[in-house]
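For reference, the structure discussed in these notes is given below.
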Amino acid sequence: MQKWIMSGLFFVACALAIALMFTLPGKEEVAHEEKPSMPEVTMDAAAADAMVKASCISCHGDQLQGGAGPALDQVGGHMDVEAIYKIVSNGKGIMPAFKGQLTDEEIANIALYLADHK
Ligand code: HEC
């Protein structure tokens, strides 16, 4: 009689272990996706300004007033830091992707700088 109880418990423990094996990694993946992709940096406005002048004003205008690309002088009013970080990293339409050309930290710095333009 006791043997039955023991093997019953063993079976339940195995079932639980298998269930955990399938559910835990799934949850970790979801948590990973929800993490912000942007690295945390302290804004360095002078460095951001220099990079924007070097890489962005040809399309966005020397005062960020717009040109081939939309104006960025008030971009912080309708885009948050993450959204700006994404578009600068990945590009959009004729806007080139800067991932690879600039480091993630540099792009994050530019995003913080532009998000301040409201
Ligand atoms: C070759 C021209 C070009 C260059 C260089 C360029 N952009 Fe753009 N950018 C565009 C265009 C065009 C769009 C509009 C894309 C669309 O919506 O299809 C855009 C959109 C954006 C947007 C979204 C603006 C909005 O209101 O939707 C941001 C932010 C931005 N660019 C930032 C930058 C930054 C920062 C740089 C420099 C690191 C840069 N861009 C360099 C052409 C350019």
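General observations
- MET38 of a type in the set (A, V, I, L, M), surrounded by 15 or more Cβ atoms within 10 Å (Cβ to Cβ) and at pLDDT 95 or above: no
- Residues of region 103-112 classified as aliphatic (A, V, I, L, M), more than 7 Å from the ligand (Cβ to nearest atom) and either more than 12 Å from the chain's Cα centre (by Cα) or on the phi > 0 side of the Ramachandran plot (or both), total: 1
- Test: residue in region 44-58 that is open to solvent by 40 Å² or more (accessible area, probe 1.4 Å) and not in a helix (DSSP H, G or I): yes
- THR23 assigned to a helix (DSSP H, G or I), out of contact with any Ser or Thr (no Cβ under 7 Å at 6 or more places or on another chain) and at pLDDT 65 or above: yes
- Subset tally (residues that are part of a helix (DSSP H, G or I), in contact (Cβ under 8 Å) with a residue 12 or more places away in the chain and not aliphatic (A, V, I, L, M)) for region 72-93: 6
- One residue stands out in region 68-82 among those that are open to solvent by less than 70 Å² (accessible area, probe 1.4 Å) and more than 13 Å from TYR113 (Cα to Cα): the one that is nearest to the ligand (Cβ to nearest atom), namely GLY69.
- Conditions (1) near the ligand (Cβ under 9 Å from one of its atoms); (2) open to solvent by 40 Å² or more (accessible area, probe 1.4 Å): number failed by GLY91: (2)
- Region 94-118 - residue that is in a loop (DSSP other than H, G, I, E, B) and in contact (Cβ under 8 Å) with a residue 12 or more places away in the chain and, of those, surrounded by the most Cβ atoms within 10 Å (Cβ to Cβ): PHE98
- Subset tally (residues that are polar (S, T, N, Q) and under 11 Å from ILE110 (Cβ atoms)) for region 71-91: 1
The values are calculated or read from the model by the stated rules, or taken from the named source; none is laboratory data. Bear in mind that the values here come from a model prediction, so they are computed numbers and not experimental data. Ideal geometry is used to build each Cβ from the backbone, glycine not excepted, and the neighbour counts take in all protein chains shown. Note: accessible area is taken over every heavy atom of the protein model, side chains too, but ligands, DNA and RNA are not part of it. Shrake-Rupley method; radii C 1.70, N 1.55, O 1.52, S 1.80 Å.
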